[in-house]
Every structure is written in structure tokens, then in C-alpha cells.
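Heads up: the structure comes next, in C-alpha cells.
Each value in this text was obtained by applying a stated rule to the coordinates, not by laboratory testing. Predicted model, so just to flag it, every value in this text is computed and none were measured. A quick note on method: Cβ atoms are made from the backbone with ideal geometry, for glycine too, and the neighbour counts reach across all protein chains shown.
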Amino acid sequence: MPVSMPQSAPLFSSPDAAAIVGQIDRDGYAAIGDFVSPEDLATAQDFVRREVAANGGNYLDFKGADRLDGTFLRSLSSDPAFVALCRGIYEQSTGRPAPDVGFYQVLRCLSGRLARANSLTFHYDSYALTALIPIIMPDHGTPGDLLIIPNTRRVRSSYAGNLVDKILLDNALSQHVLRMLYARQSPLIRHIRLVPGTLYLFYGYRTIHTNEECDEDAIRSTALFHFADPHAASGLKRLLRQN
């Protein structure tokens, strides 16, 4: 069941974060229903439909918030309640103070001929916590579920260890096996049916995950807020990014 939004205070308390962490540890994710108001959601949906249509009905994404004026996505990453929630989850789940960092934000709009190429690629995120808000989900064909194999690794002590994990996952054989498990409806892979306006939280760094594809004439749009890169200070990571 989704965790209820607290109504009595503008910020989340430690017990709220602890309850959400308990649900993520148990179920692989937590959901907060009606996180976005119907009015804000409708405005964001209109924005996505316009942008997809202007792009010929094809896939596009927006990195950061600069191009999202007029929608709640422009300011959510600085909203005190949302920031407090994500920081609290990080602290409750790791036992360490949350770093003083912002979010890596992406709005994905899956549609058109590139929908298949941007689906069913199983991966780990680079960030400890992933917050996902569905904006539009397909109303026909494949529902576009979030697919997860939750909490399959710990936070690695070094970026090199993290890199090995990603290499072992991001290769043709591993992807083939995981897609075969998906096709055979393996219980190892959990399907999360996404409801627009709900906030979903999971440990993206520790969880193998991907999205189902959608029909070319449908739209699957999700807003992603990634928080706290465990290897942000890694010299090896900086070196590899420069080359």
C-alpha cells in the first residue's frame, strides 16, 4: 500500500522517512499517492504532449529544470518538503548525514520509433536514491511498468567496484538473460504499475531496473530525480569522464 502523505507539517519527520525506508527495504520501493495535485499534473501532461508533438511524436528528454517553465517540475527540486524527504530517506537508509548536493533531474518522454531503443535496458543508477513521478502512462498496449530486481548489491567502497558491477550488467549476455526472464514473466522481476502523480522511491544504485517499452503511438513520460552519488569524489571517475 502507498505510504500516506503527512498532512500536519510541511516537512517530513524522521519517523516518516524511517517508515518509507522500511517499505523500500521490504518491497523494493515505496509509493506516495497523490503527491502531485491534479492541476499541476494536468499542466505537466499538457507540456509533455506539446513537446512530443513538436518533436514529430518521437522520444525526447529534458535534463535539468531550465526548460520546464510553467510546470511543477521547474521548482520541485528546491521544494523544502521534497528535499527534506529525500535527505531523510538517505540518512535513515545509510546512517550517515546526507551530502549537501542537489538533484540530477531528467524528464523522459518515451514515444515514437525510438521507444523500443530506450526500453528494457536493465541498469544500476549512479545515485543512491531515485525518486520517480509518472506524468503520462500509456492508455493502450503495453502499460509501461517499472521493472525492478530490488536491492541486489551494497554501496561499493570504491568507484572501481561499482564499475565492475556495471560492466557485468551492461553487456549483451546479461541483457539477453534478463530480457528472457522478463518475457517468461519471472517472479524475480517485479512489475510496478505506475500511476501518474504518485511519487515512487527506490534505491537506484542498488536496484537493477528498467522500463517496459510502449507502443509507438503512445506516450510514457516520467520525471526522475536522482540524489547523492556515492562516488562523486572519486578521482578514477573524474579521470574516466575526461577521456
Residue set 100, 125; condition among the acidic types (Asp, Glu) and in contact (Cβ under 8 Å) with a residue 12 or more places away in the chain; output residue 125
### Task
With respect to residue 93, determine if the residue is more than 13 Å from residue 218 (Cβ to Cβ), within 14 Å of the chain's Cα centre (by Cα) and surrounded by fewer than 21 Cβ atoms within 10 Å (Cβ to Cβ).
no
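Name the residue, out of 185, 175, that is more than 30 Å from residue 17 (Cβ to Cβ), surrounded by fewer than 13 Cβ atoms within 10 Å (Cβ to Cβ) and of a type outside the set (A, V, I, L, M, F, W, C).
Criteria check complete, one pass: 185.
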Might you check whether a residue that is touching a helix residue (DSSP H, G or I) at 6+ places or on another chain (Cβ under 7 Å) and loosely packed, with under 13 Cβ neighbours inside 10 Å occurs anywhere in region 29-37? no
Checked region 96-135 for anything more than 15 Å from the chain's Cα centre (by Cα) and aliphatic (A, V, I, L, M); matches are 98, 101, 114, 115, 117
